[in-house]
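Values quoted throughout were computed directly from the atomic coordinates according to the rules given, and no laboratory measurement underlies them. Note that this is a predicted model, so its numbers are computed, not measured. With ideal geometry, Cβ positions are generated from the backbone for all residues, glycine too; neighbour counts draw on all protein chains shown.
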Amino acid sequence: MTSTIDPFVPPDAGESASPRLADELARHIESWIMRHEWPVGTVLGTESELLTRFEVSRGVFRQAVSVLEQHGAARMRVGSHGGLVVIAPDPSGVRRSATMYLDHALVTATDLFSMRTLLELDCVSSLSKHLTADAAERLHAVLEDDRETETSDSVGAQSFHVLLAELTGNPAMKLFVEVLAGLTFERSHDLCARTPDTHGINLAHARILEAIEVGDEVSARRRMQRHLEAARAFHPDGTLM
């Protein structure tokens, strides 16, 4: 599938610096992709076609393509059906970049758990009102896996929380919870004052799910609040660094 993208008009006709122009071109292409609701697989044109369309140099165009590839918006495909192709963004890159930024910014445990509490209490409230049978089955499967392994690693510890966020149906909620929960447990190995009680964590998860399943929003929120407060206690110095 091919599509005709809008011509490129630089915001400042006097701007000639290639990096700046390449960034503006990449933003122009990304805006078109978003306006057209991410038509994954669409070929925007071959390099020669787009050079003519955008009226930029080959160097500027290729710099813009590099930016698009870094952002996970489009990539160049070679071959008879090649060209600049719209792709689906990889959320793992976004999550990792956000995690690295917060780590670099010296986010404190207080700030981290404050945001986690706001988001995750909203998750349990939402699911208490409309938990489907399929969603409940998936949550029980995660709990069973955690019980069998009694894992204390970051993946096992955060999986229940991330799945709760995913099941709300809100992609932004899932992304933010995954970033915050992932950073919490990524740092917990080095900073916890004591070894986490994995059995107690799994029990807390089970009790939260129990309240959600019967539609008891108040109990679900209270249990999640207590669970996060207990997790917060593993970071007594107030910082994740």
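Brief remarks on what is shown
- Segment Arg96..Arg62, full-extension length gain: 9.7 nm, with 0.36 nm per residue of separation and the alpha-carbon distance subtracted.
- Rounded to the nearest 0.05, the FRET efficiency derived from the C-beta distance between Glu137 and Val40 at R0 = 41 Å is 0.90.
- Percentage of interatomic Cα-Cα distances in region 18-86 larger than 15 Å: 47
- Summarising the strand pairing of the chain, around 90 percent of its internal DSSP beta bridges are antiparallel.
- Nonlocal amide H pairs with Arg77, under 5 Å, H built at 1.01 Å: Gly83, Leu84, Val85
- Placing a pseudo-label 7 Å from each Cα along the Cα-to-Cβ vector at Glu210 and Arg222 gives an inter-label distance of 1.3 nm.
- With 5 Å bins beginning at zero, the pair-distance distribution over Cα atoms of the chain amounts to 1, 6, 12, 14, 13, 10, 9, 8, 9, 8, 6, 3, 1 %.
- Translational diffusion of region 91-232 was estimated from the Stokes-Einstein equation, with Rh taken as the Kirkwood radius over Cα pairs; at 20 °C and 1.002 mPa s the coefficient is 141 µm²/s.
- Ala172 versus Lys129: modelled label distance in nm, points set 7 Å from Cα along the beta carbon direction: 1.6
- Treating r as the C-beta distance of Thr4 and Val78 and R0 as 25 Å, the FRET efficiency rounds to 0.70.
- Phi-derived couplings, Karplus 6.51 cos²θ - 1.76 cosθ + 1.60 at θ = phi - 60°, listed residue by residue for region 65-79: 4, 4, 5, 4, 5, 4, 7, x, 9, 7, 8, 7, 10, 8, x Hz, with x used for Gly and Pro.
- Rounded tilt (10° steps) of 18-35 against the dominant C-alpha axis of the chain: 70
- Per-residue HN-Hα couplings for region 208-225 [Karplus 6.51, -1.76, 1.60; θ = phi - 60°; Hz; x = Gly/Pro]: 5, 5, 4, 5, 4, 4, 8, x, 8, 4, 4, 5, 4, 5, 4, 5, 5, 4
- With a Förster radius of 51 Å applied to the C-beta separation of Ala233 and Glu49, the computed FRET efficiency comes to 0.30.
- Inter-probe distance in nm under a simple model that places probes 7 Å from Cα toward Cβ, at Leu106 and Ala88: 4.0
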